[in-house]
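J.: One structure, pasted below without further comment.
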Amino acid sequence: MLSPASALVLLAALGLGGCASSPSVPPAPVAPKCVLPTGVDSACPTPQPLKAGLTYRELLEAHLADRQQLQRCAAQHEELRRVIAACQARVDALSRTRRY
């Protein structure tokens, strides 16, 4: 018959033996950093308010200024979309290579 101390040592040895045979888990990968270019995430300006009594020339100038702002905003939006798509591709590639 085993003494209580011997039984405790035997149970501890069995428990530790089970821990030693478990598969090792690889460390979690470091998530890629998605860095946005400066200003690409800033808000687009609002259109110019039109005052009453504008001349046709002033109206055209306001229209052209708003159009240029809209074109810059569209380019900024496209750059933001491109950066996010590239970052998502890096995340997807990392998750495909790290299957367990």
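The values are calculated or read from the model by the stated rules, or taken from the named source; none is laboratory data. Because the structure is a prediction, the values reported are computed rather than measured. Note: ideal-geometry Cβ built from the backbone for every residue, glycine included; neighbour counts use all protein chains shown.
J.: Just to be sure, is Thr46 within 30 Å of Pro27 (Cβ to Cβ), loosely packed, with under 12 Cβ neighbours inside 10 Å and either hydroxyl-bearing (Ser, Thr, Tyr) or without any contact (Cβ under 8 Å) to a residue 12 or more places away in the chain (or both)?
T.: Numbers: within 30 Å of Pro27 (Cβ to Cβ): no; loosely packed, with under 12 Cβ neighbours inside 10 Å: yes; either hydroxyl-bearing (Ser, Thr, Tyr) or without any contact (Cβ under 8 Å) to a residue 12 or more places away in the chain (or both): yes.
Spelling it out, it is not the case that Thr46 is within 30 Å of Pro27 (Cβ to Cβ), loosely packed, with under 12 Cβ neighbours inside 10 Å and either hydroxyl-bearing (Ser, Thr, Tyr) or without any contact (Cβ under 8 Å) to a residue 12 or more places away in the chain (or both).
J.: Does Thr46 count as within 28 Å of the chain's Cα centre (by Cα), at pLDDT 90 or above and not in a helix (DSSP H, G or I)? Reasoning before the result, please.
T.: Working: within 28 Å of the chain's Cα centre (by Cα): yes; at pLDDT 90 or above: yes; not in a helix (DSSP H, G or I): yes.
For Thr46, the condition - within 28 Å of the chain's Cα centre (by Cα), at pLDDT 90 or above and not in a helix (DSSP H, G or I) - is met.
J.: Restricting to the range 59-100, count the residues that are within 29 Å of Ala31 (Cα to Cα), part of a helix (DSSP H, G or I) and of a type outside the set (Gly, Ala, Ser). Let's see the steps before the verdict.
T.: Restricting attention to the range 59-100, the residues satisfying the condition of being within 29 Å of Ala31 (Cα to Cα) are 75-100.
Okay, now just the ones that are also part of a helix (DSSP H, G or I), so 75-97.
Still in the list and also of a type outside the set (Gly, Ala, Ser): 76-84, 87-88, 90-92, 94, 96-97.
Counting residues in the range 59-100 that are within 29 Å of Ala31 (Cα to Cα), part of a helix (DSSP H, G or I) and of a type outside the set (Gly, Ala, Ser) gives 17.
J.: Residue under question is Arg57, and the condition is that it be of a type outside the set (A, V, I, L, M) and modelled with pLDDT under 95; does it hold? Show your work before the answer.
T.: Numbers: of a type outside the set (A, V, I, L, M): yes; modelled with pLDDT under 95: no.
Considered against the rule, which asks whether it is of a type outside the set (A, V, I, L, M) and modelled with pLDDT under 95, Arg57 comes out as no.
J.: Considering every residue within the range 1-19, establish whether at least one is at pLDDT 70 or above and in a loop (DSSP other than H, G, I, E, B).
T.: Yes: one or more hits.
J.: Right, here's the next one. Could you please find all residues in the range 76-100 being surrounded by 11 or more Cβ atoms within 10 Å (Cβ to Cβ) and either among the basic types (Lys, Arg) or within 14 Å of Ala43 (Cα to Cα) (or both)?
T.: Listed by number, the residues that qualify are Gln76, His77, Glu78, Glu79, Leu80, Arg81, Arg82, Arg90.
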